[in-house]
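Below: the structure, in structure tokens.
The values are calculated or read from the model by the stated rules, or taken from the named source; none is laboratory data. This is a predicted model, so every value here is computed, not measured. Methodologically, a virtual Cβ is constructed for each residue, glycine included, from the backbone with ideal geometry; neighbour enumeration extends over all protein chains shown. Keep in mind that these areas ignore ligands, DNA and RNA; they rest on the heavy atoms of the full protein, side chains included. Shrake-Rupley method; radii C 1.70, N 1.55, O 1.52, S 1.80 Å.
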Amino acid sequence: MLSVRNLRKTFPTPQGPLIVLDGVNLDLQRGDSMALMGESGSGKSTLLHLIAGLDSADSGTILIDDQDISRFNDGERSRLRKKKLGLVFQQFNLIPSMTVADNLAFQARLSNRHDPDWSAFLAESLGLSGLLDRYPEQLSGGQQQRVAIGRTLGARPDLVLADEPTGNLDETTAHEVLELTLHLIAKTGCGLLMVTHSSNLARNLNHQVTLHRGRVT
Ligand code: ADP
Ligand code: MG
């Protein structure tokens, strides 16, 4: 599903180029889950951005279902992202003026994949059925992140890229949200690459890798 080879990324700084990724290799099979760990500033978000096609690498390849997205132009990347990828961030990024129901359906509608049965199933599984008429500000952090996850899965992605999705939640809530997410991901058969600081949470995923000095170990 995902194969990253020899990925290099530097950022220009006044002191010269900052080497963030220095030959990263990573493989994820369809339906597999992987935790990406590493110190703050080790390049986890940068790697996720590159895989999501939100930024380009200096060199190396990123294959998603055997398509080399490092050769794609912006339009091709954005189409692939819409078709295959789901992104979840630490900030829930819900739309404040929309109800829970509309937030949940948002991504699926954008991708022309809105399916009321699937939406209802997600809302039910995520414990959101009773909250559909509420607005994001009327929800707890854990509820908001469950909406964000439902919104992502609503579009039936093949691979979910999550950047510290539970980083704003207390430990108990973080475990609850992760468990629900893993359960749903297993049901949909999609893959998950999740950045987390918590080795406790990372243990629940099939694989754990760490970014250190620009490489995956
Ligand atoms: P992590 O997510 O592991 O905390 P990041 O990928 O956000 O780390 O950042 C890795 C390094 O790259 C950091 O030193 C950060 O300051 C630097 N960096 C990230 N984005 C940029 C950018 N757009 N311009 C310059 N430096 C950046
Ligand atoms: Mg980060």
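Couple of notes before you dig in:
- Of the residues in region 21-28, at least one is over 23 Å from residue 205 (Cβ atoms) and either buried (at least 19 other Cβ atoms within 10 Å of the Cβ) or not hydrophobic (A, V, I, L, M, F, W, C) (or both).
- Of the residues making up region 195-205, one or more are closer than 21 Å to residue 81 by Cβ, touching a residue at least 24 places away in the same chain (Cβ under 8 Å) and open to solvent by less than 50 Å² (accessible area, probe 1.4 Å).
- Residue that is nearest to residue 150 (Cα to Cα), among those in region 109-139 that are acidic (Asp, Glu) and open to solvent by 80 Å² or more (accessible area, probe 1.4 Å): 124
- Every residue from region 17-35 that is modelled with pLDDT under 95 and at positive phi: 31
- Among (1) surrounded by 15 or more Cβ atoms within 10 Å (Cβ to Cβ); (2) under 22 Å from residue 165 (Cα atoms); (3) of a type outside the set (S, T, N, Q) - the single one residue 5 does not satisfy: (2)
- Residue within region 153-165 that is within 15 Å of the chain's Cα centre (by Cα), over 26 Å from residue 39 (Cβ atoms) and open to solvent by 30 Å² or more (accessible area, probe 1.4 Å) present: yes
- Taking the conditions (1) touching a strand residue (DSSP E or B) at 6+ places or on another chain (Cβ under 7 Å); (2) away from ligand 1 (no atom under 15 Å from the Cβ); (3) at positive phi in turn, residue 38 satisfies each one other than (2).
- Test for residue 68: is it of a type in the set (Asp, Glu) and surrounded by 16 or more Cβ atoms within 10 Å (Cβ to Cβ): no
- Search result, residues across region 145-177 that are of a type in the set (Ser, Thr, Tyr) and in contact with a Leu (Cβ under 9 Å, 6 or more places away or on another chain): 152, 166
- Residue ranges of strands (runs of 3 or more DSSP E) in region 9-114 with at least 1 members within 16 Å of ligand 2 (Cβ to nearest atom) and in contact (Cβ under 8 Å) with a residue 40 or more places away in the chain: 18-28, 33-37, 85-89
- Among the residues of region 41-54, at least one is within 15 Å of ligand 1 (Cβ to nearest atom), touching a strand residue (DSSP E or B) at 6+ places or on another chain (Cβ under 9 Å) and among the charged types (D, E, K, R).
- The set of residues from region 73-108 being open to solvent by 30 Å² or more (accessible area, probe 1.4 Å) and over 19 Å from residue 161 (Cα atoms) comprises 73, 75, 95, 96, 97, 98, 101, 102.
- Scope region 178-190; condition surrounded by fewer than 23 Cβ atoms within 10 Å (Cβ to Cβ) and in contact with a Lys or Arg (Cβ under 8 Å, 6 or more places away or on another chain); matching residues: 180, 188, 189
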